[in-house]
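Below: one structure, written as structure tokens.
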Amino acid sequence: MSKILIIEDDFSIGEMMSIYLYEDGYEVKRAENGGEGERLLRQFQPDAIILDVMLPDIDGIQLCANVRQTSNIPILMISAKSEVSDRVRGLQTGADDYLCKPFSMRELSARVQALLRRSHSFASAAAELSVASTAPSQAQTQPDPPMKITLDTEKRCLLVHGKVVETTFSEFEIMKLFWQNQGKVYSREELLNRVRGFDSYVTERAIDVHIANLRKKIETDPKEPKHIKTVWGVGYKFLLS
């Protein structure tokens, strides 16, 4: 049973989310402020966090940043703030998804399922990689060096220099499109259409944020990218070498 921590100060919304997710089969705990949320994070050790941006004691954006210093736990940020700048700021801070109030409980549940699915895939891939790296080699000769960048679409796993690199759901979808169509130039609108089904509030500005985050994860020098190239006036393309 997956464990969900809800950090939400509005009692009615918090209770509604708790009841709905409990009936979906999750173990749920709720905190009414950031301080209590940090305490439950240590004690409860949840599999995902639903975090409200506006809390009485600490800004949810800051709390998200605090969590990201020590953990890669999936975070779904919720807020009545629907401005593009607010959503981009949340994603830049480290949230995996952003849901604007008001929202349906069905959509909330679907977002949580998607985050947990990605997180479990990442954990499984990391475990398999760890086992493979420690297993004794049967070959008598030195193996070929691993490719710098590898994408496993079935396990939803991105590897750089043989190490698993965590990505958000939207980042992986963009990387998957690049990987399967290397050298093809994609406009921001085309990339937007690729991820819109998973993030209904994503914008062309958010696409730039996703690209910047991917460059930080796969490029030796993100300011001088060798793989995710900008095609000025058009969009982006991916080159493996």
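Any read-out appearing in this document is the output of simple, stated calculations on the displayed coordinates, not a laboratory observation. What you see is a predicted model; the values in this text were computed from it and never measured. Every residue, glycine as well, gets a Cβ built from its backbone with ideal geometry; the counts of neighbours run over all protein chains shown.
Observations
- Here the Karplus relation 6.51 cos²θ - 1.76 cosθ + 1.60, evaluated at θ = phi - 60°, turns the backbone of segment 223-236 into coupling constants of 7, 10, x, 9, 10, 8, 9, 7, 9, 4, x, 10, x, 9 Hz, with x for every Gly and Pro.
- Segment 146-238: C-alpha gyration tensor shape, a/c 1.5 cut-off, then a/b vs b/c: oblate
- If you plug the beta carbon distance of residue 181 and residue 241 into 1/(1 + (r/R0)^6) with R0 = 22 Å, you get a FRET efficiency near 0.90.
- Rounded to the nearest whole Hz, the Karplus-based 3J(HN,Hα) values (6.51 cos²θ - 1.76 cosθ + 1.60, θ = phi - 60°) of segment 11-28 follow the sequence 4, 5, 5, x, 5, 4, 5, 4, 5, 5, 5, 4, 5, 7, x, 8, 8, 10, with x at glycine and proline.
- Set of aspartates and glutamates with alpha-carbon distance to residue 217 below 17 Å, sequence-local pairs under 8 removed: 96, 152, 166, 171, 173, 208
- Computed from the Cβ-Cβ distance with R0 of 22 Å, the FRET efficiency linking residue 109 to residue 69 stands at 0.15.
- Length added when fully stretched, residue 190-residue 234, from 0.36 nm per residue minus Cα-Cα: 14.8 nm
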